[in-house]
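Worksheet: the structure to be examined is printed underneath.
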Amino acid sequence: MTHVTDTGTYLYAVTQESPSPGPEGLRGVAGTAVRTIVDEGLVAYVSTVPLDEFGAEPLRRSMENLEWLGETAGAHHNVVEEVAEQRPTAPVRLVTVYRGDDQVRELLHERHDDFLDVLAHIAGRREWGVKAYIDLSVTEAAPAKSAGGPGTAYLKKRQAGLRSREEAWRQAAARAEELHVTLSSVAAASHRHRAQDPELSGRKEPMILNGAYLVDGDRDEVFLRAVEKLRGEGVDVELTGPWAPYSFTDLEVRGDG
């Protein structure tokens, strides 16, 4: 009689095998112990997880539970950061779950060269995040007196306001491009994520830049100075990091969900 396994293998990140020991005693998602799977010089950091919580159907429900999602994302991130503190690390997307260890070994075998390329690219580098917000409030100029009546005056005022807002957005787009180009010139690689709307950002000002920048360790100070110079002129800049290079290691690694 075939017995269907009730556990799966949760994958956090992949590194290259090293003579020095990696972090030990880590706890991952749902409080599970973190262990390693080694294959052809690559090391996968994984946990054994119950499929009644991490199987495809339970995950679809759980991903709508913000408390569960926050706890899981935090545990995933902590494992990745602990590993990345010691060696170049390719993080894997949240809740990537396989049916078992053999499938993870198969992944390491099939994507061996891809992982090596990514790990070589990010070695000695970390990711910084930069979000920029701009105040688009504009003062609408009073329209010139018109021979028309109140209706004509209203239409002209409305048209003037629309033109002002359009110009403000054009200037904001140009400013965002300027910020991104400047920071990209200091970084080894860069990526622009979609700007978040105010409900997600928690800011009333519109976000004009949501950028990720892969920076050499010996150029961190240069990058930070570049960020400081971009503050002001109606632009508020938020800096986060350094992080493991999530934005620069996407190999489209997917589990069985």
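Sorted from fewest to most neighbouring beta carbons within 10 Å, what does the list VAL49, VAL92 look like?
VAL49, VAL92
Show the residues, 5+ positions off or on another chain, whose built amide H is closer than 5 Å to the amide H of GLY100.
Sorted by chain and number, the residues that satisfy this are THR9.
Roughly how many Å is it from the Cα centre of segment 174-246 to that of segment 105-133, as a whole number?
Segment 174-246 and segment 105-133 have Cα centres separated by 20 Å.
May I have the extent of the alpha carbons of segment 7-123 along their three principal axes, as whole Å values ordered from largest to smallest?
38, 26, 24
Set the Förster radius R0 to 25 Å, insert the Cβ-Cβ distance between ALA188 and HIS77 as r into 1/(1 + (r/R0)^6), and round the FRET efficiency to 0.05. Mind showing how you got there, number by number?
Working: r = 22 Å, r/R0 = 0.89.
Working from the Cβ atoms, E equals 0.65.
Using a 7 Å offset from Cα along Cα-Cβ at SER62, what residues in segment 4-25 end up with backbone N under 15 Å from the label point?
6-12
What ranking of TRP68, TRP128 emerges when the number of other C-beta atoms within 10 Å of each C-beta is taken as an exposure proxy, fewest first?
With the sparsest Cβ surroundings first, the list reads TRP68, TRP128.
Residues of segment 180-195 with the amide nitrogen closer than 18 Å to a label point 7 Å from the Cα of LEU136, along Cα-to-Cβ, please.
From segment 180-195, the list is 180, 193-195.
Label VAL181 and THR36 with points 7 Å out from Cα along Cα→Cβ: what is the distance between them in nm?
So the label points at VAL181 and THR36 sit 4.5 nm apart.
Readers should treat all values here as calculations from the given coordinates under stated rules, not as data from a laboratory. What you are looking at is a predicted structure, and each value in this text was computed from that prediction instead of being measured. Cβ sites come from the backbone with ideal geometry, for glycine too, and all protein chains shown count toward neighbours.
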